[in-house]
Amino acid sequence: MKRKIDFASLAGLLTWLMVYGITLYILYKTTSAYGGVLLHAYFLGYGALFWLLTREQRPYGLRGRFGPWLLALQLLLAFALQWLLGDRNFDFLAILTIIWAAMLPFVLRTGPAMLLAILIVALWHLLIAWQTGSSVWITALLYGCFHLFAVLVQSASRDAEAAKEELEQKHQQLLATQQLLQAASRQSERTRIARNLHDVVGHHLTALTIQLQVAGHLTNGEAKVQVDNCHQLAKLLLADVREAVSTMRQYADISLLDAITGLTRLLPTQLEVKLQVPAEIMLNDLTQAQHLLCIVQEALSNSLKHSGASTVEITARVAQHQLQLMIWDNGTLTARWQPGNGITGMHERVAECGGSLQLTTRQRAMQLCITLPYKESDNV
């Protein structure tokens, strides 16, 4: 559901309401009546369909499964109104087809939308010419220009919206990459410190422990007691260093939960993401982490742009040295959907990581099952 006012839809509703009101006013002035039941039913049906089509609620929106059929029904209602009010006093009813034509670019490409708009204008004014018995070609040319203008303006709006969505997607990918780079930097620094502690400090402490052990065998009395105490302290310090090295190596890895959470922060509010990702799943392969985040990013984008989902569920678990990630939303797949570049890119990324990707359906929505080799963190 939209969180902000769509001024284009609001303008369309106000225009429809004005046409409705002016029609009733003319009927009242000419026939002392406000029209029959069919007139009100056609007008109200047209307005209701416009409101429904311009909402971002699938499957009844313009990009939804029923969108083209509802758009066709709206056009039939406009023609029914012209048929019902076949009089030269109601030439302005062609405004209803202008409103209709403005929605075409969200269903068709610009070229076919313009051709269809021209065809509708021709049929509309042929109907008027047949009803009135007069030539209306000048009016047809004028309204034809208005129809083409509406199609072109909405096409530009559609392209701008698509560019904005692509920019937001790139921005999210940039933030995810930045997060990975920061994690990689921390990982590299912690690994370097841990390696130095293990190789340098640990080596010297091991040598010191051995020397103190030898000294304990060569001394007697009070000196031996002190040497043994120093030997125990050196062994304890060596154990502490090893534990610190293991801890640093453990927390040098990237948390899968934190990485995915960072991706979901900038998503629109109409898409709720439910995460069931254990916090202990860590990714110590930076390349694998980058590919996995890009796959999740693409899946979230598909849920927003194509399925019309309001909820996305992401679950993860580790079993038999395999990381299994499942992504599912509550949207709806179109009957004739075909894998695009996004799905192809997912397969390529998973294959590069030595894993597999399965596409299945669940309650008429797509479900992604990703399996990747999982390597436990090296805490030694």
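The values are calculated or read from the model by the stated rules, or taken from the named source; none is laboratory data. All of these numbers come straight from a predicted model, not from anything done at the bench. Using ideal geometry, Cβ is built from the backbone for each residue, glycine included, and neighbour counts are taken over all protein chains shown. Surface accessibility is based on the protein's heavy atoms, side chains included, excluding ligands, DNA and RNA. Shrake-Rupley method; radii C 1.70, N 1.55, O 1.52, S 1.80 Å.
When the residues of segment 40-74 are narrowed to those that are at pLDDT 90 or above and aliphatic (A, V, I, L, M), which ends up farthest from Ser155 (Cα to Cα)? Among residues in segment 40-74 that are at pLDDT 90 or above and aliphatic (A, V, I, L, M), the one farthest from Ser155 (Cα to Cα) is Ala41. Of all residues in segment 348-380, which are open to solvent by 80 Å² or more (accessible area, probe 1.4 Å) and at pLDDT below 85? Residues satisfying the conditions are Thr361, Arg362, Gln363, Arg364, Lys375, Glu376, Asp378, Val380.
The condition of being within 27 Å of Lys164 (Cα to Cα), at pLDDT 85 or above and open to solvent by 60 Å² or more (accessible area, probe 1.4 Å) holds for Lys274. Checked against the criterion of being of a type outside the set (Phe, Trp, Tyr) and more than 43 Å from the chain's Cα centre (by Cα), segment 138-148 contains one or more residues that satisfy it.
Here Lys164 meets each of (1) at pLDDT below 75; (2) under 51 Å from the mean Cα position of the chain (by Cα); (3) open to solvent by 50 Å² or more (accessible area, probe 1.4 Å) with one exception, condition (1). Annotation: Leu257 fulfils all but one of (1) under 50 Å from the mean Cα position of the chain (by Cα); (2) exposed (fewer than 14 other Cβ atoms within 10 Å of the Cβ); (3) at pLDDT 70 or above; the unmet one is (2).
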